[in-house]
Structure formats: C-alpha cells, structure tokens
Amino acid sequence: AITFLSDLLALILSTTLGHISIYGTIHFEYIRLGEFENILFVIICIAMLMAARLYPGIGLNPALEMKTVSHMTLASFLIVFSFLMIRVPLWTQEKLVLTLVGGCSIITILGMRWLMRILTVQMGLWGEPIVVVASGEKLEKMAGYFHERRRLGFLPIMGVSVGRHGASSVPLLEMEELLKLSDGYFSQKGIQTVLVSTQ
C-alpha cells in the first residue's frame, strides 16, 4: 500500500507539472474532459508496474528497480501516445502535455519511492520481519547488512545459527531448537520470509 500510494502521488505530481509547464496553471478548466489521456496513462502505468511485480517493493535491487520503473513507464507512455496519434494524427497541446508527463513520471516515481521509504522507515512503517539462517559470523554480517539498508525492506528480527556463534544483534536459535518449534510459531510473530545463506 505504501509503494502504491507513492507511485500514485508521483503520477499526480508529474501530471500537475506537465499542465503547469504548458498552460501556466492547474485551474480545472485546463484539465478538460478531452485530456483523458493523462488518466489513461496513470491507469496503464500503475497496471504495468503491478505486472512487473514492483509491489510491495520489498527487497528490490535499486538498479533493477530503476531499470524496471523506467521501462514500464516508457512503455505506458508509448501505448497511450500511439493510441492518441491514431485517433488524432495532428500534434496538439494535449500530446505535448502527455510527453512532459511521461518524461517527468520516471523521475517522480523513483524520487517519491525513495522519499516515501525514508519517511516510513523513520516511522517504523516500512519493512517485512525476516529470519536469517546462516553460520556464525556470516549471520551477523547479513543481519547488519539489512539493518543498515532498511530501505530494502528486510528487517531481521531473529537468527538461526548453523554451528558456532558469538554475540549477535538479533535473538538466536540453534538449528536443533528450530526443528522443535511448533508449526505456527513464525506465523504468530508475523514472519513469512526466511533468508538462508548458502555459503
């Protein structure tokens, strides 16, 4: 929901900026019913981002997220723009607005996602609790990595140690203890994800 709201706000912002750039105002009379292409662009863009599995956005590689958002936004723009060119072959102000909105959207979506994650991390609203399974020192490195990069959305709240271990920043369980736990132990704590180190 947080990432969806972020993208929706970003698309509204880019639409507003596009209108201000061309018309010099965001007064309602300039957002005419004939400019349905902006609404169509927002709908298609959100659908494309959903299809690309960018929601909820937990654990996304930043470089891959930037690439996917750029591709999906550009594809959405091209779909709507092609439809408009077929419907009205002439170049119009509405098409210029759409072009600006499409270009701005890539920047606003990525920027708003970054800003929203920073704010929600500070408020404790962003992130999915996870269990880290690793051996000794590797477990502490993995837990520390995700604690320092909370924008990725993984919040280690428990570790399962394979072999010897020292001090840890998260509560630890031995593998033998893990096997003795009841089936609903993790679901009761709201944990649905386990990250396992293969090294």
Using the Kirkwood formula on alpha carbons, the hydrodynamic radius of the stretch 1-128 in angstrom works out to 15.2
Averaged per residue, the 1.4 Å probe accessible area of the chain, protein heavy atoms only, in Å², is roughly 58
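For a quick check of your reading of the filter: which chymotrypsin sites (Phe, Trp or Tyr not before Pro) in the stretch 72-180 sit in a DSSP loop and have no more than 13 other Cβ atoms within 10 Å? Please report the intermediate quantities before stating the final value.
Values: sites: F77, F81, F83, W91, W114, W126, Y145, F146, F154; in loops: W91, W126.
Hits after loop and neighbour filter: W91.
Could you rank L11, L90, L155 by how accessible they are, 1.4 Å probe, largest area first?
Numbers: L11 0, L90 125, L155 40 Å².
Order by accessible area, largest first: L90, L155, L11.
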Measuring from the longest principal axis of the C-alpha atoms of the chain, the long axis of helix 136-148 (C-alpha) lies at a number of degrees, nearest 10, equal to 30
The number of Lys pairs in the chain whose alpha carbons lie under 29 Å apart, excluding pairs fewer than 8 residues apart on one chain, is 7
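For the stretch 39-92, state which trypsin sites (Lys or Arg not before Pro) are in a DSSP loop and have at most 15 other beta carbons lying within 10 Å of their beta carbon. Don't jump to the answer; show the numbers that get you there.
Working: sites: R53, K67, R87; in loops: R53.
Those that pass, being in a loop and sparsely packed, are R53.
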The chain, Gaussian network, Cα under 10 Å: of Y185, Y23, Y55, the residue fluctuating most is Y185
Under the Karplus relation with 6.51, -1.76 and 1.60 and θ = phi - 60°, whole-Hz ³J(HN,Hα) for the stretch 121-133, x at Gly and Pro, equal 5, 4, 8, x, 9, 10, x, 10, x, 9, 10, 9, 10
Rounded to the nearest 10 degrees, the helix 36-51 long axis (Cα) sits at an angle to the longest Cα principal axis of the chain of 20
For the stretch 51-199, the dipole about the Cα centre with charges only on Cβ (Lys and Arg +1, Asp and Glu -1), to the nearest 20 debye, works out at 500
Across 10 Å bins beginning at 0, the whole-percent shares of Cα-Cα pair distances in the stretch 70-172 come to 14, 27, 18, 16, 13, 9, 3, 0
For the chain, longest principal axis from Cα atoms; helix 2-23 axis from its Cα atoms; angle between them, nearest 10 degrees, is 20
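In the stretch 62-147, what percent of the accessible surface is made up of carbon and sulfur (1.4 Å probe, ligands and nucleic acids excluded)?
Details: 3350 of 4530 Å².
Ligands and nucleic acids excluded, carbon and sulfur give 74 percent.
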Counting only protein heavy atoms and leaving out ligands, DNA and RNA, the solvent-accessible surface of I46 at a 1.4 Å probe, in Å² to the nearest 10, equals 20
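The values are calculated or read from the model by the stated rules, or taken from the named source; none is laboratory data. Please read all numbers here as calculations on a predicted model, not as lab measurements. Glycine gets a Cβ as well: all are built from the backbone with ideal geometry, and neighbour counts include every protein chain shown. What goes into the accessible areas is simple: the full protein's heavy atoms, side chains included, and nothing from ligands, DNA or RNA. Shrake-Rupley method; radii C 1.70, N 1.55, O 1.52, S 1.80 Å.
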